[in-house]
Amino acid sequence: MNVDQLTKILEDVKNHECEVNTALELLKTLPYEDLSYAKVDHHRELRNGYPEVIYSPGKSLNQIKGIVENMLTRSTGNILASRAERDVFDTIKSITPDAIYYEEARSVVVKREEYKTTEDYILVVTAGTSDIPVAEEAAVTAMVMGNQVKRLYDVGVAGIHRLLGNVPIINHAKVIIVVAGMEGALASVVGGLTDKPIVAVPTSIGYGASFGGISALLGMLTSCASGIGVVNIDNGFGAACMASKINKL
């Protein structure tokens, strides 16, 4: 339930267009609804500004179906399922025609209303093409959360002239998400070029001594450039959430 829906219930009671008992029934499961295998947090949009997102791995298809069906009955807004494989999309599509699959981002959106957007934009930057899946998770999540998003891909330090040729788009962003594997140096380089806040995402891309993203994570954490925050390895979703909050300040 969002602010508009709650406001309408209260106004209907005030205007005697809704019985108090009816309003109580509608509000009874406002904090959350217990499905036994999941407690669906219907209150999250009121608290955090965006509804609960479904993390798909580890859930059965029947569980995902039940959660989506419950959310469809309680809200008119968009629903996002992250890290979703094709079978998750097929399951959600079977219960609502509004499901869209962003395959590269591994994200399913039940799009029931147009995405809102901001005048300022979030820029998503990758070091290499292999980092794009994590970057797309960030980009799609930020877009669904109501932000204008621009992309700048494959501009890593191995060919730094590719990055330096795009300084204007970097400096005009409100916040920048930098996605990089290997040694994670791109976050430091971008941090040295701009006064904009940076959310750095280490990825698990790289050879043996990259240790599945740990080298990039440590490199970003120990960056000498200022104004860089770091999220977990491959966590494009978390980066988008942070960048969205900064972009909307």
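The values are calculated or read from the model by the stated rules, or taken from the named source; none is laboratory data. In this text, all values refer to a predicted model and were calculated from it rather than measured experimentally. Methodologically, a virtual Cβ is constructed for each residue, glycine included, from the backbone with ideal geometry; neighbour enumeration extends over all protein chains shown.
Contact map, the stretch 9-20: residues that are outside the structural domain of Ser75 (by TED's automatic domain parsing) and closer than 19 Å to Arg74 by Cα paired with residues that are charged (D, E, K, R) and surrounded by 10 or more Cβ atoms within 10 Å (Cβ to Cβ), Cβ distance under 6 Å, separation 6+ or inter-chain. Pairs shown: Cys18/Asp12. Scanning the stretch 64-106 for residues that are part of a strand (DSSP E or B) and of a type in the set (Phe, Trp, Tyr) yields a total of 2. Looking at Ile79, Ile92, Ile64, just one residue is buried (at least 16 other Cβ atoms within 10 Å of the Cβ), under 20 Å from Lys245 (Cα atoms), without any contact (Cβ under 8 Å) to a residue 60 or more places away in the chain and of a type outside the set (Ser, Thr, Tyr), and that residue is Ile79. In this structure, Ala127 does satisfy being surrounded by 23 or more Cβ atoms within 10 Å (Cβ to Cβ), free of Cβ contacts under 8 Å to residues at least 60 places away in the same chain and out of contact with any Pro (no Cβ under 7 Å at 6 or more places or on another chain). Filter the stretch 95-117 down to the residues that are of a type in the set (Ser, Thr, Tyr), under 21 Å from Ala142 (Cα atoms) and surrounded by fewer than 18 Cβ atoms within 10 Å (Cβ to Cβ) and list them by number. Passing the criteria: Tyr115, Thr117. Among the residues making up the stretch 174-219, those that are under 19 Å from Ile246 (Cβ atoms) and of a type in the set (Gly, Ala, Ser) are Ala187, Gly191, Ala200. Residues that are under 30 Å from Glu52 (Cα atoms), touching a residue at least 40 places away in the same chain (Cβ under 8 Å), of a type in the set (Phe, Trp, Tyr) and surrounded by fewer than 22 Cβ atoms within 10 Å (Cβ to Cβ): does the stretch 148-170 have at least one? No, every residue in the stretch 148-170 fails to be under 30 Å from Glu52 (Cα atoms), touching a residue at least 40 places away in the same chain (Cβ under 8 Å), of a type in the set (Phe, Trp, Tyr) and surrounded by fewer than 22 Cβ atoms within 10 Å (Cβ to Cβ). Number of residues in the stretch 50-61 that are in contact (Cβ under 8 Å) with a residue 24 or more places away in the chain and either hydrophobic (A, V, I, L, M, F, W, C) or under 17 Å from Glu113 (Cα atoms) (or both): the value is 5.
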